[in-house]
1. State all residues of segment 179-211 that are closer than 23 Å to Asn154 by Cβ and of a type in the set (Lys, Arg); if no residue qualifies, say none.
2. I'm checking my understanding of the structure. Among residues of segment 107-125 that are of a type outside the set (A, V, I, L, M, F, W, C) and closer than 16 Å to Thr67 by Cα, which one is most open to solvent (accessible area, probe 1.4 Å)?
3. Identify the residue in segment 159-199 that is of a type in the set (A, V, I, L, M) and touching a residue at least 40 places away in the same chain (Cβ under 8 Å) and, among all such residues, is farthest from Ile213 (Cα to Cα).
4. Those residues that are open to solvent by less than 80 Å² (accessible area, probe 1.4 Å) and β-branched (Val, Ile, Thr), I need them from segment 30-64; list them, please.
5. Any residue that is over 20 Å from the mean Cα position of the chain (by Cα) and outside any helix (DSSP H, G or I) - is there at least one of those in segment 48-65?
6. Conditions first: (1) within 16 Å of Ala214 (Cβ to Cβ); (2) touching a residue at least 12 places away in the same chain (Cβ under 8 Å). Trp16 passes all but one, so which condition is the exception?
7. Looking at Ser157, Ser165, which one is crowded, with 16+ Cβ neighbours inside 10 Å and among the hydroxyl-bearing types (Ser, Thr, Tyr)?
8. Where in segment 123-228 are there helices (runs of 4 or more DSSP H), lying wholly inside it, with at least 1 residues that are over 20 Å from Ser31 (Cα atoms) and within 12 Å of the chain's Cα centre (by Cα)?
Amino acid sequence: MEFKGAMGGIYRLTEWITRLAATNLLWAICSSPFLFFLIMKLLVMQQNLANESLQMNWAIAIVAPLTLFPATSALFTVVRKWNMGDTDVPIFRTFFVGYKENYKQSLIGGIFYTLLFAIMYLDYTVYMTQFRNMQLVGIIMLVLLLLLFVSLFNFFSMVVHYHMSIGLIIKNAVLLTLIRPFRVFSTLLGSGLLFYIGFRYPVLFVFFIISIIAWFAFFNFYATFNKMQEQMEKMQLKKEEEEAAALAEQSAENGETSEPSDDKNITLQK
């Protein structure tokens, strides 16, 4: 049964609210160990407990590749279907199929990104606090951290959209971040705005914020993917046209060369 008018709009709105909330809750459940240590980290930071804060850092670094990255890949599996027009996909089944299929690549990528984040954050902290005369380097490290954060969106999008090795996925995720600065800026700005809203109303993190960010990130990635594919098709078509023109020109030249020989043969026969 299809509703029209105002009732149809309300029905579609409630459908999307249900989809986003269900997907967000599945992500939160599968990421619960990471979220637990993250919340504990924030609590001990408020109490200025340095040793406990360091312990939470280690715990977060250990559980992130095991829980957060596979859960986020599963989330991107669902939003990929939505962006490609399959809005009625079964959420629960699609989520856990994506979780299982992409677990290994997500785990390896999670280890790589976690190590890189840890090293760059440590460098940023050292340069900003220990070497006051080298804070410019710290600012550069902060910019690189933001770019690395945005490349995560491309990483998850590529994990669920392509069938390639994890090395190529990480490499292309970083390259795509660097060569598409507008998409980088819009993804970063949109994610920052949604995070701000989430911090103002924390309950939204449980039900909507993460799934909306994932949808928006894949939307940007998919638009970039389609544009690059169109450019490649145009380049391929242009190359084929140039090859056809060169072949036609070569054939014409061969035809002109053979004409005098034919005339000479005719003369001799006479």
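1. Within segment 179-211, Arg180, Arg183 meet the criteria.
2. Among them, the one singled out is Thr114.
3. For segment 159-199, the residue satisfying everything is Ile166.
4. Val44, Ile60, Val63
5. yes
6. (2)
7. Ser157
8. Qualifying helices (runs of 4 or more DSSP H): 135-161, 166-179, 181-200.
The values are calculated or read from the model by the stated rules, or taken from the named source; none is laboratory data. Everything numeric in this text was worked out from a predicted model, so none of it was measured. For neighbour counting, all protein chains shown are included, and Cβ atoms are generated from backbone atoms with ideal geometry for every residue, glycine included. These accessible areas exclude ligands, DNA and RNA; they are computed on the full protein's heavy atoms, side chains included. Shrake-Rupley method; radii C 1.70, N 1.55, O 1.52, S 1.80 Å.
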